[in-house]
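Peer 1: Here you go, one structure.
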Amino acid sequence: MTILHDLAVLTPIWLLAGAAGLILLLTVAPGYHRPGLEGAGHLTFVALSALAGATWFLGQFDGPVRVFSGAIVFDGLGATLGGVATLAGFITILMSTAYLQEHKLAQGEFYAIVLLACVGMLIVAMAADLLVMFIGVEMMSLAMYVLAGFRRGLRRAQEAAFKYFVYGAFASAFIVFGMAQIFGEMGRLTASPSLDLQRIAAAFAHADVSAMGCLGVAFVLAGLLFKIASVPFHMWAPDVYEGAPTPATAFMATGIKAAGFAGLCRFAMATLGQGLHGIGGDETSVQVIEAVAIASMVLGNLLAIRQVQIKRMLAYSSIAHAGYVLVGVVALVGHPERGAMPAIAYYLFGYAAMTLGAFTVIMAFERRDDPRVDLTVDRLAGAGHRYPALGLAMAVFMFGLAGIPPTTGFFGKLALFTAAISAGRPELAVVGALTSAAGAYYYLRVLATLYMQPTHGDEGRIHSFWLGAALWVCASITVVAGVLPHTYMGFAERALASWKG
Amino acid sequence: MNFVHDHLLTALVFLPLVGASIALAFPRGEHTGVRGFAMAVSLADLALAVTAWARFEPQAGLQFVESAAWVPAFGIRYMVGLDGIALLMVLLTTFMAPLVVLSTYSSIATRTREFMVCLLLLQTCMLGGFVATDMFLFFTFWECTLIPAYFLIGIWGGRRRVHAALKFFLYTITGSLLMFVAIMYTVWSVADAGGMTFSWPEVAERLSHTELGDVEIWLFLAFALAFAIKVPLFPLHSWLPDAYAEAPTPATVILSGVLAKLGAFGFLRYALWLFPHTAAAFLPTLGILAVIGIIYGALVATVQFDAKRLIAYASLSHMGFIMLGIVAMTVTGLSGSALQMVNHGVATGALFLLVGVIYERRRTREMADLGGIAQVMPLYAATFVWLALSTMGLPGLAGFVGEFLILLGTFSSEGLAVSSTTGDVARAAIILAAAVVVLAIGILAANVARHGSKGVLGGSSKLLALAVATCLLLGLLAPPMGPLGGGLLVQPLLQVADSQLPFHEIYGLLAMVALLGIVLSAVYMLQAIQRIFFGPIRHPENEHLLDLSVRECCLFAPFVVLTVVIGMHPQPFLNIVQPTAEQYTRQFRLRAGMPPEQAHPLVGRADARLDAADPQVPLPAVRRGLPPTGNPLQELVAPRRQPHLRAPGRNQ
């Protein structure tokens, strides 16, 4: 019964989709009063256990399996980056409970959409065929458009959702258009055209790819670079991050990024990794990604310095971090055997924990009765002394994002830069180091405000058990996986040992 | 106790960390208990360090070695070990810690618990930096020092604390991150079939038979930059006055007394040791920068109004001596540097604490607000003068021993003219450095003249400063008379550019200019003492100042005693350092292709022993006995009996 076996391999996806359906059913069930939110605890429980189950299942990965005639593959990449995405979903739900109650937003729908986005992310991470990948991308993007506009009453949220949707539609169009050209190119090169990544890799490796095919590759790359918010496709990020509800922003900055990089790595390995003869050999195409990486690191960090609003600042910071991970992608395309992929997985894992944690702390200060919608850095003045636990957690996340040991941010950079150096691109490591120093400036400014400025009176904070739990999870991942990197690095290396794209 | 015996260094390093996590459990706003607790922890740590000293065998290379796998995929290990210089630094750190805690009884009144946590964390990181022998572990500790140091400056500092803390952090991290890339590049380029290793002795061993080509210059510069910022070496010092002046007194003491030493220590152990060949070519440049730092720091100190800033610049000047001793790469110079690191930590730390004492009483550090207070605070004045005399290098006190050894070592050093790309870059750097010194002195002279014309400076100091500046300018611009007279800096440097002047003459020059720094240190210190302590009491607030309390006497007594002990009987300390210094020097010269250190005519060290050194055993990691060294005291005593300012280069 191959079909049953195939379905069993996709257990995490079924788990999440089933939980999403169950939650949607529960919200309309009798006895679930939406204003009173009596059933909210159960919803949280269902969502969390589905995500925990999916993460656990991904962690049990042993050896790649191809299912559904090779359209979906459960391999190391799916296990690691898909796992990061589900983990991001898990922490997002932990943190959002308190936020949704505070701001009187619907819980059930929010959880269901987060779970469906996770399904999309897993599909992207496991897609072995461009068409399947596109379905995944659309699925997670549609879910995120809704989440971006979840605070319907706010004009800024509407703007964010609209902007994200329009830009996102463009990106999807790019991907589809690129796929069409690649399909045509495959028809020229082989007898039976398909969008299977393995076949694309095989066909592109042994023939001269025409300009049309190269254009197709460039279009798909552009669409994926849009999803991970790297320069020059980053324009939407600050506005959308600002307008979306904070848990959604956090999820966007981490889950989408993990899934987007999974798709990017797969696609880059299939097309660029084998050498694109049409546009001057693989060196040129790698140089393009290298330029994107450098531009993201430099612009992201420099623009973040000028930001006053903390969510915009983190948006630019996430652009910069996309640049760091792209350093790993450059190394991966050049020399996949030299540990670049585990480095990318580890970095995204640590980045997810730190970013989710930082957004959780920010969220804790977003009170509903506060007339000011925007959380500027100044509003945090002196808060580190008033709320020692929140302050300490923020210190951990900021030092982590700045790349100071003993955090995952530091070891992640070590792994990525080592991969770049061993791929013969030390200049990327130097740029990365210098831009990190610039990045330290704005991360430290947050800490300076938290601890070193006199307080302007207490506006209170959101407090809940779930929020505390989210902070604990993020902070312990940041520190424990930083001090003992092999805890996650070992898993990533085992999982990705046989991964060749 | 078995664990402590077997894992002495681990216990030593992580005891403060454990203490810090326990201190977090103290109630908020608690003062006395948490201070007492921090005191107990730091005293226990001191006891561990003294145990290490007692068990240390000077001749045996790296000791108390512990090694355990940490991140196997990257060949990262938890490796610690102690050589003579590291032991001295550990002793310095653990000696300062309880005294710093003692000083917080009056200087820190808010958030005491958090302060103690930061202090203990900083102690763990510094000790870890000194004992780590894995480069990744070292870098981790090195970067981790930034976190508590940032908070110490930024939370408890003065008015411009946020600015100062940020500046300190950004300066350091820029250098560090470049070094981080350099570490990875180095480790990767020497990775072999056995995989990567971050072990410092192992990497050095592999580097000695790996040809890196021109990249080595960049690697060396990246390492050198990171450590030069921390020391700081001129012209990377501009974070220092802000950070030292704005930090709370206990933090300033740690920053200047110990953290700066971590920079000098790293310079010796990593920048110089890993890339001896490139480093050898850059040594004269570094020496010039060190000497510029000495003179520049001293000159700027003479025109300060704020006592804390004065000591900060004096500290910059004295760190120049330490770097000079290191780059001379002679046993004498290196031993002197190591000893001077302790002396500087003790004396400068104590002076910062003394300034802190007067600040607590008067809430001002301006010397103009003081004056004549020796009449009301005789004990305080005596302590201050005593420690100031030690920094000035009064024979019989600690500062003299260190500075004298450094100068002696520098005089007897000779380098090697390198002809290669490296040599060309190094020459260009020397010329650049020379241009900078001319510029710096010019600006200084102009500033002094401007201030003098406004009548801000006192008459005598104005004359003095002008005289010094004029002397220097004349020295720079006067026509050359023989190889060394006239055109003191510019002329020989131009000859360097033409490869005419062998490097050893540069060392002679450097030592001579550095001597001027000692003279200047007497100028600014005596001037400060006069302004603070003598003359009539001009401000009525100063008439009823309280003299040192019993607690403060307990605080300063160890400093005073230590300056006398080191000054009169430096032997025990030199005994620790000497074998390590010899090992460093000999191996460095061997691997750099420099001539072995020539027998000093004043110290009977036989050349034969240097030749007998086995080039195949280049690393201190290898436990082995060394032949007994000459009596280091001889080096101290002998020169006093003979005219010691022989012309450099005569022994060529």
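Here, each number is a calculation from the coordinates, and none is a lab measurement. The model shown is predicted, which means the values in this text are computed figures rather than measured ones. Quick reminder, even Gly has a Cβ in these numbers, built from the backbone with ideal geometry, and neighbours come from all protein chains shown.
Peer 1: Please average, across the residues of A:486-493, the number of beta carbons from any other chain that are within 10 Å of each residue's own beta carbon, and give a whole number. The partial results should precede the final answer.
Peer 2: Working: counts 7, 1, 0, 4, 3, 0, 1, 2.
Rounded to a whole number, the mean comes out at 2.
Peer 1: Hey, rough spin-label estimate for A:Trp14 and B:Phe14, points 7 angstrom out along Cα→Cβ, what's it come to in nanometres?
Peer 2: Here the answer is 4.6 nm between the modelled labels.
Peer 1: Between region A:185-221 and region A:50-78, what's the alpha-carbon centroid distance in Å?
Peer 2: That distance is 26 Å.
Peer 1: Helix-only mean residue ellipticity at 222 nm, chain A, DSSP H runs n ≥ 4 weighted -39,500 (n - 2.57), per residue, nearest 500. What is it?
Peer 2: Working: 21 runs with 368 residues, N = 501.
Per the formula, -25000 deg cm²/dmol.
Peer 1: Volume per residue, Å³, of the convex hull around the alpha-carbon atoms of region B:363-404? Walk me through the numbers on the way to the answer.
Peer 2: Details: hull volume 3.9 nm³, N = 42.
Considering the Cα atoms of region B:363-404, their hull volume per residue is 93 Å³.
Peer 1: Hey, another quick one. Would you calculate the separation in nanometres between label points at B:Ala25 and A:Gln198, each defined as 7 Å from the Cα along the Cα-to-beta-carbon direction?
Peer 2: For B:Ala25 paired with A:Gln198, the spin-label model returns 5.7 nm.
Peer 1: Next question, about the same structure. Please report, in whole Å³, the volume per residue of the convex hull around the C-alpha atoms of region A:157-211. Each step should come with its number before you reach the end.
Peer 2: Numbers: hull volume 4.8 nm³, N = 55.
Residue-normalised Cα hull volume stands at 87 Å³.
Peer 1: Additional query: Give the Rg/Rh ratio for region B:1-145, taking Rg as the radius of gyration of the Cα atoms and Rh as the Kirkwood radius, to two decimals.
Peer 2: Working: Rg = 15.7 Å, Rh = 15.7 Å.
That ratio is 1.00, to two decimals.
Peer 1: Zone of B:Ile537 (label point 7 Å along Cα→Cβ, backbone N under 15 Å): which residues in region B:370-401?
Peer 2: B:370-381
Peer 1: Mark the label point 7 Å from the Cα of B:Tyr78 along Cα→Cβ and return the residues of region B:12-26 whose backbone N is within less than 11 Å of it.
Peer 2: B:14
Peer 1: Another question about this same structure. What ranking do B:Cys125, B:Cys554, A:Cys214 get, fewest neighbouring Cβ atoms within 10 angstrom at the top? Please report the intermediate quantities before stating the final value.
Peer 2: On the way: B:Cys125 25, B:Cys554 12, A:Cys214 22.
Taking fewest neighbouring Cβ atoms as first place, the list is B:Cys554, A:Cys214, B:Cys125.
Peer 1: Share of Cα-Cα pairs in region A:293-433 beyond 19 Å, in percent? Could the numbers behind the result be given before it?
Peer 2: Numbers: 5263 of 9870 pairs.
In whole percent, the long-distance tail amounts to 53.
Peer 1: Restricting things to alpha carbons, find the Rg to Rh ratio for region A:330-393 using the Kirkwood radius for Rh. Display every interim value, and only then the final one.
Peer 2: Values: Rg = 18.2 Å, Rh = 14.6 Å.
Reported Rg/Rh (Cα atoms, Kirkwood Rh): 1.24.
Peer 1: Averaged across A:141-147, how many Cβ atoms of other chains sit within 10 Å of each residue's Cβ atom?
Peer 2: Numbers: counts 0, 0, 0, 0, 0, 0, 0.
For this peptide, the per-residue mean of nearby foreign Cβ atoms is 0.
Peer 1: Same structure again: Just the number: Rg to Rh for region A:1-115, Cα atoms, Kirkwood Rh, two decimals.
Peer 2: Working: Rg = 15.9 Å, Rh = 15.1 Å.
Rounded to two decimals, Rg/Rh equals 1.06.
Peer 1: Per the Kirkwood definition applied to all pairs of different Cα atoms, how many angstroms is the hydrodynamic radius of region B:249-331? Intermediate values should be presented prior to the final figure.
Peer 2: On the way: mean 1/r = 0.0738 Å⁻¹.
Its Kirkwood hydrodynamic radius stands at 13.5 Å.
Peer 1: Please report the equivalent ellipsoid semi-axes of chain A, computed as sqrt(5 x eigenvalue) of the Cα gyration tensor, largest first, in whole Å. Please list the in-between numbers first.
Peer 2: Values: eigenvalues 245, 139, 82 Å².
Listed largest to smallest, the semi-axes of chain A are 35, 26, 20 Å.
Peer 1: Residues with beta-carbon under 13 Å from that of A:Thr190, excluding A:Thr190: net charge, scoring Lys, Arg +1 and Asp, Glu -1?
Peer 2: Working: positive: A:Arg188, A:Arg199; negative: A:Glu185, A:Asp196.
Residues near A:Thr190 contribute 0 overall.
Peer 1: Would you kindly state how much longer the chain becomes between A:Phe465 and A:Val166 on full extension, computed as 0.36 nm times their sequence separation minus their alpha carbon distance, in nm to one decimal?
Peer 2: Numbers: separation 299, 0.36 × 299 = 107.64 nm, distance 3.73 nm.
Additional length available on full extension: 103.9 nm.
Peer 1: Ok, one more. State the Cα centre-to-centre distance between region B:166-196 and region A:401-473 in whole Å.
Peer 2: Taking the Cα centre of region A:401-473 as reference, the centre of region B:166-196 is 18 Å away.
Peer 1: Quick check: Cα centre of region A:114-164 to Cα centre of region B:267-333, how many Å?
Peer 2: 58 Å
Peer 1: Can you tell me the FRET efficiency between A:Thr487 and A:Ser210 if r is taken as the Cβ-Cβ distance and R0 is 51 Å, rounded to the nearest 0.05? Mind showing how you got there, number by number?
Peer 2: Numbers: r = 47 Å, r/R0 = 0.92.
The calculated FRET efficiency here is 0.60.
Peer 1: Taking a threshold of 26 Å on the Cα-Cα distance, which of the pairs B:Lys230/B:Lys308; A:Lys257/B:Lys230; A:Lys227/A:Lys311; A:Lys257/A:Lys311; A:Lys104/A:Lys257 fall above it?
Peer 2: Violating the 26 Å Cα-Cα cut-off are A:Lys257/B:Lys230; A:Lys104/A:Lys257.
Peer 1: As a footprinting exposure proxy, order A:Ile23, A:Ile113 by other Cβ within 10 Å, with the fewest listed first. Write down the numbers at each step before the final one.
Peer 2: On the way: A:Ile23 25, A:Ile113 22.
In order of increasing Cβ crowding within 10 Å: A:Ile113, A:Ile23.
Peer 1: Next up: Need one word for region A:67-141: rounded, prolate or oblate. Basis is the Cα gyration tensor (sqrt eigenvalues a ≥ b ≥ c); a/c below 1.5 gives rounded, then a/b vs b/c decides. Walk me through the intermediate numbers first.
Peer 2: Working: a/c = 4.03, a/b = 2.22, b/c = 1.81.
Verdict is prolate for region A:67-141.
Peer 1: Further question: Where in chain A are the DSSP H helices whose C-alpha atoms run 30 Å or more along the long axis and whose mean Kyte hydropathy is at least -0.5?
Peer 2: Span-like helices here: A:76-102, A:155-189, A:281-305, A:310-334, A:340-364, A:426-452.
Peer 1: How big is the equivalent ellipsoid of region B:181-328 along its three axes, where each semi-axis is √(5λ) from the Cα gyration tensor, reported in whole Å from largest to smallest?
Peer 2: On the way: eigenvalues 224, 51, 22 Å².
For region B:181-328, the ellipsoid semi-axes come out as 33, 16, 10 Å.
Peer 1: Give me the compactness ratio for region B:509-577, meaning the Cα radius of gyration over 2.2 N^0.38 Å.
Peer 2: Values: Rg = 18.0 Å, N = 69, 2.2 N^0.38 = 11.0 Å.
Relative to the rule-of-thumb radius for its length, region B:509-577 sits at 1.64.
Peer 1: Order these by the 10 Å Cβ neighbour count, fewest first: B:Val203, A:Val298, B:Val331.
Peer 2: Numbers: B:Val203 24, A:Val298 17, B:Val331 30.
With the sparsest Cβ surroundings first, the list reads A:Val298, B:Val203, B:Val331.
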